[in-house]
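Written below as structure tokens is the structure these notes are about.
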Amino acid sequence: MPEPLNPEELPKTSSLPAESPEEQVGLFRDVLEALERRRVPYAVSGAFALRQHTGICRQTKDLDLFVTAANCGAALRCLREEGMECEVTDPVWLAKAKRGEHFVDLITGMSNGLIVVEDSWIERAQPAVVHGARTRVLAPEELVASKIFVARRERFDGADIAHVIYGTHDSFDWRRELELVGEHWEMLLWSLVLFRYVYPAQSHYVPAEIWCELLRRFEAEIRKTDSEATFRGSLVDDNMFAIDVNEWRMPNLLAQRRAQRLAEVDGTQASCNVPTPDWTKKSA
């Protein structure tokens, strides 16, 4: 059994800037400037986007860049020509560029294959400065959409979503958010219930019509009581819901969706001339 985490070692939210090794800062800056010179479309996400929208500073071991699957190859070629070691870690959603012990993640969607980075995500990104480099970060709506399925036992981004809504409520585009989450609106509703619990005095930061629309949808789904509805636990956490798939013989939607997404992007990363692992050897 793994040793339990020491509460004193767990990160705490703060507005105090975190110090980063100069080698890491240099890599991040070089990556951003190289992509800018080559005009490769991308947007910064992760800790840097969270800071832009909430003021929260977080120590981060990597730089998250969102790119479309169609532009991932151009980004990797650009960075490889800059002397970085590049690889496609998972063709469904993730590639990496490394220099020394530091790295940058290039993300084309969510690991479960349900939410995919599109051109509109990049077009709606907002100006920012990261380590002295002029760049763009994901708009808050896309940032929230990218986090609604980060709900695993070892990592849960519900607090990030609550903080983004709290920090951007004056300009948050809720219709855009509903468009982004699509059929997965229940995951958004779950996040909003948490927001309401955490910030009861700020319930109005989510417009009443959004609350009512989502709750009407939820009530309608509950009333249907569809006995043929498909089990979806593996889409949230394949480890915690492994028994459902492996022993209780429920359908593995994660494997199905990843296979579908892999077919959609098949050949895109092949043009990058970088190593690609066999994802089928990993647990679905």
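The values are calculated or read from the model by the stated rules, or taken from the named source; none is laboratory data. All of these numbers come straight from a predicted model, not from anything done at the bench. Cβ sites come from the backbone with ideal geometry, for glycine too, and all protein chains shown count toward neighbours. For accessibility, only protein heavy atoms count, side chains too; no ligands or nucleic acids. Shrake-Rupley method; radii C 1.70, N 1.55, O 1.52, S 1.80 Å.
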³J(HN,Hα) computed for each position of segment 167-178 - Karplus, 6.51 cos²θ - 1.76 cosθ + 1.60, integer Hz, glycine/proline x
x, 10, 4, 5, 10, 5, 9, 6, 5, 4, 4, 5
Largest to smallest accessible area among E82, E22, E177 [probe 1.4 Å]:
E22, E82, E177
For V130, residues with placed amide H under 5 Å, excluding near neighbours
T135
Out of (i) 31, 22, 18; (ii) 30, 25, 19; (iii) 37, 34, 19, which label holds the value of semi-axes √(5λ) of the Cα gyration tensor in Å that was computed here?
(ii)
Please turn the phi angles of segment 129-146 into ³J(HN,Hα) values with the Karplus equation 6.51 cos²θ - 1.76 cosθ + 1.60 (θ = phi - 60°), one per residue in order, whole Hz, x for glycine and proline.
10, 10, 6, x, 9, 6, 8, 9, 10, 3, 5, x, 5, 5, 4, 5, 4, 6
Could you pull the accessible area for S171 with a 1.4 Å probe, rounded to 10 Å²?
90
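Carbon and sulfur: what percent of segment 199-250's accessible surface (1.4 Å probe)?
55
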Relative contact order for segment 101-189 using alpha-carbon pairs under 8 Å, separation at least 6, rounded to a whole percent?
21
What shape does segment 119-264 have by the C-alpha gyration tensor, where a ≥ b ≥ c are the square roots of the eigenvalues, rounded means a/c under 1.5, and otherwise prolate means a/b greater than b/c and oblate the rest?
oblate
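Rank by packing, highest mean first: peptides 242-248, 119-125, with packing defined as the count of other Cβ atoms within 10 Å averaged across residues.
119-125, 242-248
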Once the cut-off is 16 Å, how many percent of the Cα-Cα pairs in segment 29-119 end up in the long-distance tail?
52
At what distance in angstrom do the alpha carbon centres of segment 71-91 and segment 148-186 lie from each other?
29
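Per residue, what accessible area does the chain have, given a 1.4 Å probe and all protein chains present, in Å²? Intermediate values should be presented prior to the final figure.
Values: 15430 Å² over 284 residues.
Spelled out: the 1.4 Å probe surface of the chain, per residue, equals 54 Å².
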